[in-house]
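Below is one structure; the comments refer to it alone.
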Amino acid sequence: MRIVRALREFRRFLGSDRRLSFALVLSVVAALSTVTVPVLLARLTNIIFSGAVSTRLPAGDTREQAVEQLRRSGQGDLANVVETTGAVPGAGIDWDRLWAAAAVALIAIALVTITRIGSGLLVNSAVQDAIRTIRERVERKIHRLPVSRLEGGRRGEVLNAMTVDVDNMSTVIGPLFVQLPVLVLTVVAVAVALILLSPFFALIAFATIPVTAALAFTVVRFARPHMQAQWRTTSSISAHIEDVYGAHDMIAAYDGHPQTSREFDELNRRLERAARSGQAWSGSITPVLTFCNALVFVIIAVLGALKMLDGAVTLGTLQAVVMYTQQLSAPMTELSSTLPTLQSGFISFGRVRTFLGADEESEPAVDDKPVAAHGRHTLPPTVTFERVHYSYADGSPVLRGIDLTLPAGRTTALVGATGSGKTTLTGLLQRFADPTAGRILIDGEDIAGMSRSKVRSMMAVVTQDPWLFSGTAGENVDYGRPTDGRAVDEAMVDSLLAGLPSGPETPVSGDSTLLSAGEKQLITVARALAADPDILILDEATSAADPRTELIIGRGLEALRNRTTTLIVTHRYSTLATADTIAVLADGRIIEHGSASELLAAGGEFARIYGRGPT
Ligand SMILES: Nc1ncnc2c1ncn2[C@@H]1O[C@H](COP(=O)(O)OP(=O)(O)OP(=O)(O)O)[C@@H](O)[C@H]1O
C-alpha cells in the first residue's frame with residue numbers, strides 16, 4: 001500500500017505527460033509481441049523438424065503405418081517423435097508453410113524492435129523535460145525561501161537538491177512508469193502462455209517467483225537505511241566543501257586544514273560505509289537470481305528432452321518452453337536489479353519534495369509585479385520605526401520596541417554593541433523579514449503593505465561582506481544603475497573607481513580573490529552610489545577601508561547628501577562623526593539619540609564608549 005501511495009505521489013508530483021502514456025502503450029505492444037515470438041519460432045522449428053523426420057520415412061506410407069513400422073523395429077522414441085510432430089512420410093519440408101511462418105515471426109520481431117525504440121525515445125524526451133521542470137521548480141523555490149534558509153552550510157543542501165537529487169530521481173521516471181508496468185505485464189503474459197503450453201513446465205518455471213519476491217523484499221528492507229544515509233552524507237559533503245571553499249583563507253590562517261580534513265575524512269568514510277553496505281545488498285540480487293534461473297533452466301532442459309523422447313512434447317514446444325522460462329526470469333531479474341535504483345530515486349524524490357515543500361517567505365519578492373522605474377522622489381523619504389519588535393525563529397527577542405526616525409535626506413548612524421541587533425534592523429527595513437510587532441513606515445506608508453520588490457527598489461545596500469560577480473569593476477557598478485534614465489553623478493563614481501589598480505577596468509573574480517577587502521568595498525559603495533537610491537544602507541561598509549579610501553568613500557556619500565536618506569551602521573568614530581544624528585542601540589531599544597557632540601555631552605552610553613577620544 002505504501003508503494004502504491006508513493007507511486008501516486010510521484011505521478012502527481014510529475015504531472016501528466018502524454019508521452020509517458022504513449023510510451024507505455026508502445027511498450028505493452030512490445031511486451032505482447034515478445035510473448036508471441038517463442039510460439040511463432042516453435043511453429044518454425046516444428047515445420048523444419050517434422051519435414052526432416054518425414055524424409056527418413058518411406059513415401060507412400062500413412063503416418064500410422066510408419067509409426068507402427070518404427071515401433072516394430074525397436075525405435076519407440078523416434079515413433080513417439082513422428083507421432084507428435086505430425087510428419088507425413090516422404091513429404092519433406094513444407095517450404096510454403098515455412099516461409100509464411102518465418103515471415104510472421106520476423107514481423108513480430110520487427111514490431112518488438114520498433115515499438116521498443118519508439119518507447120525509449122518518448123521516455124527519454126519526457127524524462128529530460130521532467131528534469132528541466134523540476135530544476136525550474138527548485139530554482140523558483142530558492143527565490144521564495146526566507147533569507148535565513150540559505151545561510152551558511154544550508155547552501156550545500158540547496159545545491160544538492162538542485163543537482164544530485166534531481167538527477168537521481170529522474171533516473172526512476174522511465175523504469176517506474178513504463179518499464180515496471182511492462183515487466184509486470186510481461187511476467188503475467190508469459191505465465192499465461194506457459195500454462196497454456198504446458199502446465200507441468202509452467203509449475204517448474206514459477207518456482208523462482210517466490211524466491212525472487214522474498215529476495216527483493218529483503219534487499220529493499222535492508223538497503224533502505226544505507227541508501228538514506230548515503231544521500232544524507234552526500235549532502236553533508238557538499239555543504240562541507242562549500243563551507244571550506246568559502247573560508248579557505250581563514251582556514252589556512254588558523255591552520256585549520258587538519259581539522260577540516262579530519263571532518264571531511266569522517267564524512268567520506270561514512271559515505272563509503274553507507275554506499276558499500278547499500279551496494280552489498282543491492283549487488284547480491286542479480287547473481288542469486290541468475291543462479292536460481294540457471295537451475296530451473298537445467299531442470300527444464302533435462303525433463304524436456306526426456307518428455308520429448310516420450311512423445312509428450314514436440315521439439316518446438318520444448319524450445320518455446322525454454323524461451324518462455326528465460327522470458328520469465330529476465331524481467332524478474334530486471335525487476336529486482338531495478339529495485340535499488342528505484343529505491344534510491346525515491347529517497348532523492350523525498351528530499352526534493354521536502355525541499356520544495358519547505359515554508360516560503362510570505363509574499364516573496366519574486367512574485368511581485370515588476371516595479372515600474374519610479375524615478376527619483378522629489379524629496380528623499382522619511383523612514384520611521386514605530387515600536388518595532390523582532391525575534392528570530394528560536395524565540396529570543398532581539399529588538400524590543402525600536403522607535404527611531406531617519407529624517408529625509410539626512411544621515412543617521414546606528415551604533416551598538418556586537419550582536420545588539422543593528423544588522424537585524426537593516427534587514428527589517430529591506431523586508432527580509434517582517435517585525436513581530438510594530439511598523440516601519442516610508443513616508444508614512446507601512447512597508448508591510450508594500451511589495452518586497454518595491455521596498456528594495458528604493459534602496460541600495462552595502463554590507464561588510466561585499467557581493468561581486470566576475471567581470472570588471474565597471475560592470476559591477478553598472479549592475480546597480482537606475483533603469484529610468486536619470487542622470488547619475490558619474491564624476492563621483494569615477495573618483496571612487498580611480499582608487500582601484502586599473503580603475504573601472506580592474507578585473508573582478510567571482511570569489512573576489514583578486515582584490516583587497518578595501519577595494520571590494522570601494523566597488524560596492526560605488527555601485528550603491530551609482531544606483532542613486534532613495535534610501536542608502538551602509539552596514540560596516542567601510543570597515544576594511546584605510547583612512548584614505550574612507551575619505552574617498554566619504555566624499556562620494558557627501559555627493560548624495562540631501563538626495564538620499566542614509567542609515568550607517570558602524571563602530572568607527574570617524575564614520576559616525578560624519579552623520580547628522582546618531583542612535584545608540586542597546587537591549588533591543590534606542591537608548592540615546594542626538595548629534596555626536598550632544599551625546600558626548602550627555603555622558604551616557606555613547607560617551608562611555610567614545611568619550612575617551614576617537615577610536
Ligand atoms: N538568522 C539568525 N537566527 C537567529 N539569531 C540570529 C540570526 N541572525 C542574527 N541573530 C542573533 O540576533 C542578534 C543580533 O544580531 P545582528 O547581526 O543584528 O547584530 P549586530 O548588532 O548587527 O552585530 P554586529 O555589530 O556584530 O554586526 C545576535 O544575538 C545574533 O546572534
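For the stretch 206-229 and the stretch 1-50, write down the distance between their C-alpha centroids in whole Å.
A separation of 23 Å, based on Cα centres.
Rounded to the nearest 10 Å², what accessible area does Arg400 have for a 1.4 Å probe in the complete protein model?
Here the residue's solvent-accessible area equals roughly 100 Å².
What share of Cα pairs, in percent, lie more than 42 angstrom apart in the chain?
Value for the chain: 50 percent of Cα pairs lie more than 42 Å apart.
How many Lys pairs in the chain lie less than 26 angstrom apart by Cα atoms, where the lysines are 8 or more positions apart or on different chains?
The result is 5.
May I ask for the angle, rounded to the nearest 10°, between helix 257-309 and the longest principal axis of the chain, with both axes built from Cα atoms and the value confined to 0 to 90°?
10 degrees
Of the beta bridges DSSP finds with both residues in the chain, what % are antiparallel, to the nearest 5?
55 percent
Where does helix 2-14 land angle-wise versus the long Cα axis of the chain, in degrees 0 to 90, nearest 10?
Tilt relative to the chain: about 60 degrees.
Determine the sum of side-chain charges near Ala66: Lys and Arg each +1, Asp and Glu each -1, restricted to other residues whose C-beta is under 12 angstrom from that of Ala66.
So the surrounding residues net to 0.
Calculate, for Ala393 and Ser470, the FRET efficiency according to 1/(1 + (r/R0)^6) with r their C-beta to C-beta distance and R0 45 Å; round to the nearest 0.05.
Plugging the Cβ-Cβ distance into 1/(1 + (r/R0)^6) gives 0.85.
How much accessible surface does Leu197 have with a 1.4 Å probe, in Å² rounded to 10?
Per-residue accessible area (Leu197): approximately 60 Å².
To the nearest Å, what is the center-to-center distance of the stretch 240-278 and the stretch 382-412, using C-alpha atoms only?
40 Å
With every protein chain kept in the model, how would you rank Met162, Met250, Met169 by accessible area, 1.4 Å probe, largest at the top?
The ordering from most to least exposed comes out as Met250, Met162, Met169.
Measure nothing fancy, just the Cα-based angle from helix 517-530's long axis to the longest principal axis of the chain, in degrees from 0 to 90, nearest 10.
Result, in degrees: 80.
Would you kindly find the accessible area of His593, with a 1.4 Å probe and non-protein molecules such as ligands, DNA and RNA excluded, rounding to the nearest 10 Å²?
100 Å²
Using a 1.4 angstrom probe with every protein chain in place, what is the largest-first accessible-area order of Ser50, Ser516?
The ordering from most to least exposed comes out as Ser516, Ser50.
Ranked from the most accessible area to the least, with a 1.4 Å probe and all protein chains present, what is the order of Tyr245, Tyr324?
Listed by decreasing accessible area, they come as Tyr245, Tyr324.
In nm, to one decimal, how far is the modelled label at Phe22 from the one at Asp96, with both set 7 Å along Cα→Cβ?
4.3 nm
State in Å² the accessible area per residue of the chain; use a 1.4 Å probe, count heavy atoms of protein chains only, and round to the nearest integer.
For the chain, the solvent-accessible area averages 50 Å² per residue.
Would you work out the relative contact order for the chain, in percent, from Cα pairs under 8 angstrom that are 6 or more residues apart?
Reported relative contact order: 14 percent.
Tell me, Kirkwood radius of the stretch 494-611 from alpha-carbon pair distances, in Å?
15.6 Å
First compute the accessible area of the chain with a 1.4 Å probe, then give the percent of it belonging to carbon and sulfur atoms.
60 percent
When a/c reaches 1.5 or more, the comparison of a/b and b/c decides; with that in mind, is the stretch 383-610 rounded, prolate or oblate per its Cα gyration tensor?
In terms of gyration-tensor shape, prolate.
Run lengths n ≥ 4 of DSSP H only: what is the helix-derived mean residue ellipticity at 222 nm for the chain, with -39500 (n - 2.57) per run over all residues, to the nearest 500?
Computed mean residue ellipticity for the chain: -20500 deg cm²/dmol.
The values are calculated or read from the model by the stated rules, or taken from the named source; none is laboratory data. Remember, it's a predicted structure, so these values are computed and weren't measured experimentally. We place every Cβ from the backbone using ideal geometry, glycine too, and count neighbours over all the protein chains shown. Heavy atoms of the whole protein, side chains included, go into the accessibility calculation; ligands, DNA and RNA do not. Shrake-Rupley method; radii C 1.70, N 1.55, O 1.52, S 1.80 Å.
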